[in-house]
1. What whole number of Å gives the distance from the Cα centroid of the stretch B:1-61 to the Cα centroid of the stretch A:38-107?
2. Over the C-alpha atoms of the protein assembly as shown, what are the Rg and the largest Cα-to-Cα span, Dmax, in Å?
3. Could you state the principal axis extents of the C-alpha atoms in the stretch A:1-90, from the largest down, to the nearest angstrom?
4. Suppose each label sits 7 Å from its Cα in the direction of the beta carbon; what would the residue A:51-residue B:25 distance come out to in nanometres?
5. Fewest Cβ neighbours within 10 Å first, please rank A:69, A:9 accordingly.
6. Could you tell me what % of all Cα pairs in the stretch A:55-116 have separations over 15 Å?
7. In the calculated pair distance distribution of chain B, what percentage of Cα-Cα distances lie above 17 Å?
8. Looking only at other chains, what is the average number of their beta-carbon atoms within 10 angstrom of each beta-carbon in A:33-42?
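A short reminder: the numbers here are calculations on the coordinates, not readings from a lab. Just so we're clear, the structure is a prediction, and the values are computed from it rather than from any experiment. All Cβ positions, glycine included, derive from the backbone under ideal geometry; neighbour counts span all protein chains shown.
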């Protein structure tokens, strides 16, 4: 079974440019997460989707970040315009989304963003 | 605030046991997880423990949970060079994972 797929793996852009990341979750996983991982730190949640609905976006900097999951499957995270401080690894994860069971999250390899 | 704390570094010799510690904050966490991250890769699920358990063993991995002290540990028996990585613990409420800062394990040959 394929795991969580992310692309691109690496992206280098100049500040003020836009950038987008794509994630395809594990088949059948209703819940999708985007995390930000700064160097030397653990992942921090940006947004969580239940199917196509963003149910927790409290940590998403909405002035420059946006995300969508239009058909409740794959998702795109966008930054416009990018700032130097956005350089980090952006991780996507997915889970079955059952709140009454162990809802293990499975992670993709991440997209490493470098803003120059 | 929500702070899951881990020591930053651990160095062990190949064949020895490694013990990685974690202190979490949310006593209502239902499950606690351990993930492994190798360079340039995402997080790989290693193991987990349900909050009503105090120990779980899975091959070379042993997880100990002390709910009173909110302390979680991961013991790796017979540590190998392939175990060199960053290890994250995560506490969970409903849906939300809070990760620790990660412990970088270096295994010396």
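1. 23 Å
2. Rg then Dmax for the protein assembly as shown, in Å: 17.7, 51.
3. Rounded to whole Å, the extents work out to 36, 26, 24 Å.
4. A separation of 3.4 nm, rounded to one decimal place.
5. On the way: A:69 21, A:9 11.
Ranking A:69, A:9 by Cβ neighbours within 10 Å, fewest first, gives A:9, A:69.
6. On the way: 1190 of 1891 pairs.
Percentage above 15 Å: 63.
7. That fraction is 49 percent.
8. Details: counts 3, 0, 4, 0, 6, 0, 0, 5, 5, 15.
The mean count of partner-chain Cβ atoms within 10 Å per residue comes to 4.
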